[in-house]
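The values are calculated or read from the model by the stated rules, or taken from the named source; none is laboratory data. Just so you know, these numbers come straight off a predicted model, no measurement behind them. Cβ atoms come from the backbone with ideal geometry, glycine included; neighbour counts cover every protein chain shown. Note: areas computed on protein heavy atoms with side chains; ligands, DNA, RNA excluded. Shrake-Rupley method; radii C 1.70, N 1.55, O 1.52, S 1.80 Å.
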Amino acid sequence: MAELLVNKIKRLKKEHNAVILVHNYQIGEVQDIADYLGDSLGLSIQASKTKADVIVFCGVRFMAETAAIISPNKKVIMPEIKAGCPMADMITVEKLRNLKLQNPKAKVVCYVNSSAEIKAESDVCCTSANAVKVCQSLRDTREIIFVPDKYLGHYASTKVPDKKFILWEGFCPTHAMILPEHIKEVKKLHPKAKVMVHPECTPETIALADEVLSTGGMLKYAKESDAKEIIVGTEIGMIYPLQKENPDKQFYAASDRAICPNMKLTNLEKVLWSLQDLKTEVKVPQDIAKKAKIAIEKMLEIGRQD
Ligand code: 13P
Ligand code: SF4
């Protein structure tokens, strides 16, 4: 059954000159059909470079929107158009504008996990793979409004002590579920294991980590480090690519309950249907896209830190 679906997907992909971009948290069967599998930054870079006419984006809306903004001449479709990100919904343009008025000297750094409208109001975007580097790059700025993730913003602030951070009260509900107790429990079972966590985790959880990394950074670290066992503090989908790329190592989820429901909405059937009718297109109004593109391109110029 799966093989039949995969063959049909491959045929349609060729027919439409499409490329399939997949985030690391997607379910295994979707990861397996990826032309490129990666983190938010890696996927944005691929979207900006691809020669394909159609991008099939298997992830959540902000990622597909980012691809549509940087590749305005391509058709970006999502197999599951309803896949959103609750953190991205925790901020509104009106409230951000007010905060900018209250802090006129501050620059706005916007986590890519945000709507196109919020990006359009920001000076520069970042992902978990370059938040620190992006904040450091703002050399003439002493104040940073960091939106919408207070935990990623807090983590960046600890690495960029010469600037004042004004943090938005947003967070990822999935990563907030990973508690220090969970790390301690798994560590008790596997005392030799290294601990890597995503910077969307709380500061208390981050304090117990050996490494704080984006999902792409986690894959790199897992491959390059000598550690044979690693505790993974992020969405549980991450265990799949880690284990697949490193069959001789053991990976333990810090919490089995750290599931992002939106990331699990896409499956092979939906990928096939989206390629059949090309209807679930992600579109960003031109005026918004034009402004948001400036902030995204600045981020792409800066590159990765992990
Ligand atoms: P990465 O960019 O590290 O893959 O993270 C994306 C995300 O949504 C984490 O919750
Ligand atoms: Fe948003 Fe969290 Fe899901 Fe990432 S894991 S898409 S931040 S809700």
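Each residue in region 41-64 was checked for being aliphatic (A, V, I, L, M), within 11 Å of ligand 1 (Cβ to nearest atom) and within 12 Å of Val282 (Cα to Cα), and 2 of them qualify.
Can you say whether Ile91 is of a type in the set (A, V, I, L, M) and without any contact (Cβ under 8 Å) to a residue 40 or more places away in the chain, as far as the supplied structure shows? Here the answer is no, as Ile91 does not meet what is asked. Reported count of residues in region 169-191, each being within 16 Å of ligand 1 (Cβ to nearest atom) and assigned to a loop (DSSP other than H, G, I, E, B), is 4. Among the residues of region 50-96, those identified as in a helix (DSSP H, G or I), of a type outside the set (Asp, Glu) and more than 18 Å from the chain's Cα centre (by Cα) are Val93, Lys95, Leu96.
If I filter region 75-88 for residues that are open to solvent by 10 Å² or more (accessible area, probe 1.4 Å) and free of Cβ contacts under 8 Å to residues at least 60 places away in the same chain, do I get at least one hit? Looking for residues that are open to solvent by 10 Å² or more (accessible area, probe 1.4 Å) and free of Cβ contacts under 8 Å to residues at least 60 places away in the same chain, one finds none in region 75-88, hence no. In this structure, does Lys119 turn out to be open to solvent by less than 10 Å² (accessible area, probe 1.4 Å) and closer than 20 Å to Glu281 by Cβ? So Lys119 passes the test. Within region 50-69, can one find any residue that is closer than 29 Å to Ile236 by Cα and surrounded by fewer than 20 Cβ atoms within 10 Å (Cβ to Cβ)? Within region 50-69, one or more residues are closer than 29 Å to Ile236 by Cα and surrounded by fewer than 20 Cβ atoms within 10 Å (Cβ to Cβ). Collect the residues in region 129-162 that are open to solvent by 10 Å² or more (accessible area, probe 1.4 Å), among the aliphatic types (A, V, I, L, M) and not in a loop (DSSP other than H, G, I, E, B), keeping them in residue-number order. Correct list: Val132 only.
If you check Glu235 against the conditions, is it surrounded by 18 or more Cβ atoms within 10 Å (Cβ to Cβ) and over 18 Å from Ile55 (Cβ atoms)? It is true that Glu235 is surrounded by 18 or more Cβ atoms within 10 Å (Cβ to Cβ) and over 18 Å from Ile55 (Cβ atoms). For region 198-211, a residue qualifies if it is away from ligand 1 (no atom under 11 Å from the Cβ) and either crowded, with 17+ Cβ neighbours inside 10 Å or within 23 Å of Asn262 (Cβ to Cβ) (or both), and the qualifying residues are Thr202, Thr205, Ile206, Leu208, Ala209, Glu211. Yes or no: Lys119 modelled with pLDDT of 95 or more, assigned to a helix (DSSP H, G or I) and more than 21 Å from the chain's Cα centre (by Cα)? So Lys119 fails the test. Looking at the structure I just gave you, is Leu300 over 25 Å from Leu213 (Cβ atoms) and in a helix (DSSP H, G or I)? No: the conditions fail for Leu300.
If only one of Lys105, Lys100, Lys95 is more than 16 Å from ligand 2 (Cβ to nearest atom), charged (D, E, K, R) and in contact with an Asp or Glu (Cβ under 6 Å, 6 or more places away or on another chain), which one is it? Residue meeting the stated conditions: Lys105. Somewhere in region 262-280, is a residue within 21 Å of the chain's Cα centre (by Cα) and surrounded by fewer than 15 Cβ atoms within 10 Å (Cβ to Cβ)? No, region 262-280 contains no residue that is within 21 Å of the chain's Cα centre (by Cα) and surrounded by fewer than 15 Cβ atoms within 10 Å (Cβ to Cβ).
Candidates are the residues of region 1-40 that are crowded, with 19+ Cβ neighbours inside 10 Å and polar (S, T, N, Q); the one that is farthest from ligand 1 (Cβ to nearest atom) is Gln26. Given Ala258, Ala222, Ala193, which one is open to solvent by less than 60 Å² (accessible area, probe 1.4 Å), among the small types (Gly, Ala, Ser) and farther than 18 Å from Asp39 by Cα? Sole residue among the options that is open to solvent by less than 60 Å² (accessible area, probe 1.4 Å), among the small types (Gly, Ala, Ser) and farther than 18 Å from Asp39 by Cα: Ala193. The one condition from (1) open to solvent by 10 Å² or more (accessible area, probe 1.4 Å); (2) away from ligand 1 (no atom under 14 Å from the Cβ); (3) aliphatic (A, V, I, L, M); (4) over 28 Å from Lys82 (Cβ atoms) that Ala253 does not meet is (4).
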